[in-house]
Amino acid sequence: MDEDLSQPLLSIVSPIYKGEKMLDALVQRITDSIVPLTDQYEIILVNDASPDHSWEKICALCAKDTHVKGIELSRNFGQHYAISAGLAHASGEWVVVMDCDLQDRPEEIPNLYAKAQEGWDIVFARRVNRRDTWFKRFQSHAFHSVYNWLSGMQTDETIANFGIFNRNVICAFNSMPEKARSFGSLINYLGFRTSTLDVQHDARGEGSSGYTFAKLIKLSTDVIISNSNKPLRMAISMGFLMSSLALLLAVYNVVAKLVGIIRVIGYTTTVFSIWFVGGLLLFVMGILGLYIGKIFDQVKDRPLFIIRSKLNFCPNHGTPRIRCNPPTTHRG
């Protein structure tokens, strides 16, 4: 079968959650920004079961402009799964990922594209002056600090999902079967030639972020457990330390008993020792349980996302036919 050579130059992928009031401005500003570059583009809006009327708004936008394409997920899978759904359907030579809240400025897309033409496969937007609340900045700083320490990597807290990516990068990303999805960490794992571009960061257009504190904790745990085994090594180190302390305490008690220092067996010491060791064992078992849980999720091999409906996509194909030349991989 011949390849479809009519793929667009640019695909814009945006996960949508509580974005009803911002979608008109989002699509208009994206269109105004990229039409001077090319008329071969697509804007893919992925509705992650938003509780407002985002899907109805997406339907109206798709009816007015065939460049706009809509994907509705069957339930709320999460931002990174919605991004994965959009990337699985993106057919552009270059793919831009951006949030829908207009903090990622569509006017920066031509600048990202121009930077990519210098020979980069990936160009991330670097938010020099973040227009977030202090609590959100604190959460971001805390996450990156813990993640860098546990993974041994150095990540930049001024960089999120906003960026432009070559077709081969997206093909390689789509080939990764991890159930614990984190767009940024998976893209960084791929390698490729990567650069950054300083961009202006705006305040949120409407409403508040869909990330609750509980969701941030879950995402952080998923990312750390999926990309680092340092917690397991820490558990081994703690176990060795406790064994060493127990041995030293045993030697001390034997010597103290022989020289008459200890006359009455310490009930309190025994109780607290049991509590401490029991708590440590539960802590270590909890870490092991997290890793085993991730293995369980992976071997079930359920789909990353389930699509309820799509708009303005070719009806004869589940996903567009695209030229894809990902790098050769080897599983040793």
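The residues of the range 1-87 present an accessible area of 42 Å² per residue when probed at 1.4 Å with all protein chains retained.
Protection proxy ranking of 168-178, 280-290, 90-100, by the mean of other Cβ atoms within 10 Å over each peptide's residues and highest first, is 90-100, 168-178, 280-290.
With a Förster radius of 56 Å, plug the Cβ-Cβ distance of residue 287 and residue 65 into 1/(1 + (r/R0)^6) and report the FRET value to the nearest 0.05.
Values: r = 50 Å, r/R0 = 0.89.
Efficiency, rounded to the nearest 0.05: 0.65.
Ordered from highest to lowest accessible area with the whole protein assembly present and a 1.4 Å probe, 192, 305 read as 192, 305. Counting heavy atoms of the protein chains alone, residue 108 has an accessible area of about 20 Å² for a 1.4 Å probe. Working from label points 7 Å from Cα in the Cα-to-Cβ sense, the residue 300 to residue 258 distance is 5.8 nm.
Between rounded, prolate and oblate, where does the range 7-52 land on the alpha carbon gyration tensor, with a ≥ b ≥ c its root eigenvalues, rounded for a/c under 1.5, else prolate if a/b exceeds b/c? Oblate, since a/c reaches 1.5 and b/c is not below a/b.
Over the range 1-122, what percent of the accessible surface lies on carbon and sulfur atoms, probe 1.4 Å?
Here carbon and sulfur together make up 49 percent of the probe-accessible area.
Checking the cross-link pairs 21/64; 18/179; 64/115; 69/300; 18/294 against a 21 Å limit on the alpha carbon distance flags 18/179; 64/115; 69/300; 18/294 as lying beyond it.
The values are calculated or read from the model by the stated rules, or taken from the named source; none is laboratory data. Quantities reported herein were computed from a predicted structural model and do not represent experimental measurements. FYI the Cβ positions are ideal-geometry reconstructions off the backbone, even for glycines, and counts take in every protein chain you see. Heads up: the accessible areas ignore ligands, DNA and RNA and are worked out on the full protein's heavy atoms, side chains in. Shrake-Rupley method; radii C 1.70, N 1.55, O 1.52, S 1.80 Å.
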